[in-house]
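Colleague: Mind having a look at this structure? Questions to follow.
The values are calculated or read from the model by the stated rules, or taken from the named source; none is laboratory data. What you are looking at is a predicted structure, and each value in this text was computed from that prediction instead of being measured. For neighbour counting, all protein chains shown are included, and Cβ atoms are generated from backbone atoms with ideal geometry for every residue, glycine included. Accessible surface is based on the protein model in full, side chains and every heavy atom, while ligands, DNA and RNA are left aside. Shrake-Rupley method; radii C 1.70, N 1.55, O 1.52, S 1.80 Å.
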Amino acid sequence: MPNTTPTLDTPDAIKKVIDTATRVGLCNVLPIAAITKNRVGRELTDFVALKAAGAVAFSNDGDGVEDDDVMLCALQKAKEVDAVIIQHCEFKSMSAGGVMHAGATAKKLGLPGIDPRAEEAMIERDLDLVRKTGARYHVAHISTGRAIQMIRSAKAGGLPVTTEVCAHHLLLTDEDCTDADPNFKMHPPLRSEADVQACREGLADGTIDCLVTDHAPHSAAEKAVGFLRAPFGIIGLETSLGLVAEALVKKSRLGWPALLSLMSRNPCCTLGIPFLGFETGTIANVTLIDPEAESTIDPGSFRSKSKNTPFAGLRLSTRVVGTWFQVTPSYENPHYQARNIGS
């Protein structure tokens, strides 16, 4: 995502990401370019040059494009270069100062709330613009029941729209913020139980296309300043698979084939890039999973520099065994004990 320093808003910045990932050689890294220069929502970037440099989509990441005319022009440009716009949907005039979902828990804690209408109103505006332009449009980290219903209706009407959901929006609600632990502070915020159920239903009926991490690393010091002042976000790369397996497969809401498509094939389709599955002649980029290997989420064992997760101590019954990148082993789980599964 382009919320980097410097912003991924020039071809050189995009090429640097690709060159670094190629040199490290552990996984494919697909850079997403900023929609507007410095992500401030005013002047469009050069979509043609950025796509030619290797950008696979356009987004302002944590900032939605609020200006109607700028967003219309962005969709038109995206249509011209056959790229998808990924929108963080939020009108900050409706959410300014909020730190958690506007509900009973926020009132109890005396914390300013984030009105779900801030997310829903931008989706509604954007869907009208998609109808005008025919551009591909993707809603990042959807979190409310009404937002999901709008996407469901847009798909039924033939609009080229997709969306995604994070593991934490399938497992946690705003009531989990009762102790005001900053590791439960995320953006969009944890919503109501009804919203969680709507997210699960959206996955089950195909309204939601992808399962994602919204990986947002912060140091312990950054988070240790209280819920009001702490930055938004949690890490998700090392926990997402186990969490969604627990929430969906183990609860018989989805089968393994559907879950794995939501985390691999469908994201490729959303970006419009080839999905290289288990077919003869394709390069093996593989994650090996043991769906019956129990483990406990231990931030102390994370490979990430940051440990900010609300799931510490949670028992999971799925574990990643290892990964291969371009046929070469790139990660082996040091805590995994192979099971004897018989003949």
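Colleague: When you scan region 241-263, do you find a residue that is among the charged types (D, E, K, R) and either modelled with pLDDT of 95 or more or crowded, with 22+ Cβ neighbours inside 10 Å (or both), even just one?
Modeller: No.
Colleague: For region 11-47: of the residues being touching a residue at least 60 places away in the same chain (Cβ under 8 Å) and among the aliphatic types (A, V, I, L, M), which is farthest from Val139 (Cα to Cα)?
Modeller: Looking at residues that are touching a residue at least 60 places away in the same chain (Cβ under 8 Å) and among the aliphatic types (A, V, I, L, M), I get Leu26.
Colleague: Same structure, new question: Within region 103-144, which residues are crowded, with 23+ Cβ neighbours inside 10 Å and over 26 Å from Ala74 (Cα atoms)?
Modeller: Within region 103-144, Ile114 is the sole residue that qualifies.
Colleague: Please specify each residue of region 45-71 satisfying the condition of being more than 20 Å from the chain's Cα centre (by Cα), over 22 Å from Cys268 (Cβ atoms) and surrounded by 20 or more Cβ atoms within 10 Å (Cβ to Cβ).
Modeller: Once the filter is applied, which keeps residues that are more than 20 Å from the chain's Cα centre (by Cα), over 22 Å from Cys268 (Cβ atoms) and surrounded by 20 or more Cβ atoms within 10 Å (Cβ to Cβ), region 45-71 yields Thr45, Met71.
Colleague: Let me ask something else. How many residues, within region 227-238, are farther than 16 Å from Asp181 by Cβ and open to solvent by less than 40 Å² (accessible area, probe 1.4 Å)?
Modeller: 1
Colleague: Criterion first (over 14 Å from Val320 (Cα atoms), of a type in the set (A, V, I, L, M, F, W, C), within 21 Å of the chain's Cα centre (by Cα) and not in a helix (DSSP H, G or I)) does Leu254 satisfy it?
Modeller: It is true that Leu254 is over 14 Å from Val320 (Cα atoms), of a type in the set (A, V, I, L, M, F, W, C), within 21 Å of the chain's Cα centre (by Cα) and not in a helix (DSSP H, G or I).
Colleague: Then there's this: Restricted to region 302-343, and to residues that are assigned to a strand (DSSP E or B) and out of contact with any Ser or Thr (no Cβ under 7 Å at 6 or more places or on another chain), which residue is least open to solvent (accessible area, probe 1.4 Å)?
Modeller: Taking region 302-343 first, the residues assigned to a strand (DSSP E or B) are 315-316, 319-325, 328-332.
Still in the list and also out of contact with any Ser or Thr (no Cβ under 7 Å at 6 or more places or on another chain): 321-322, 325, 328-329, 332.
Working: Val321: 25, Gly322: 2, Phe325: 25, Thr328: 80, Pro329: 94, Glu332: 147 Å².
The qualifying residue least open to solvent (accessible area, probe 1.4 Å) is Gly322.
Colleague: May I pose another question? Here's a check for you: in region 7-44, which residue that is in contact with a helix residue (DSSP H, G or I) (Cβ under 7 Å, 6 or more places away or on another chain) and in a helix (DSSP H, G or I) is surrounded by the most Cβ atoms within 10 Å (Cβ to Cβ)?
Modeller: Ile14
Colleague: Restricting to region 210-226, give me the number of residues that are under 21 Å from His141 (Cα atoms), among the acidic types (Asp, Glu) and surrounded by fewer than 18 Cβ atoms within 10 Å (Cβ to Cβ).
Modeller: 0
Colleague: Which residue pairs have Cβ atoms closer than 7 Å, lie 6 or more positions apart in sequence or on different chains, and pair a first residue in region 48-74 that is in a helix (DSSP H, G or I) with a second residue that is acidic (Asp, Glu)?
Modeller: Between residues of region 48-74 that are in a helix (DSSP H, G or I) and residues that are acidic (Asp, Glu), the close pairs are Met71/Asp126.
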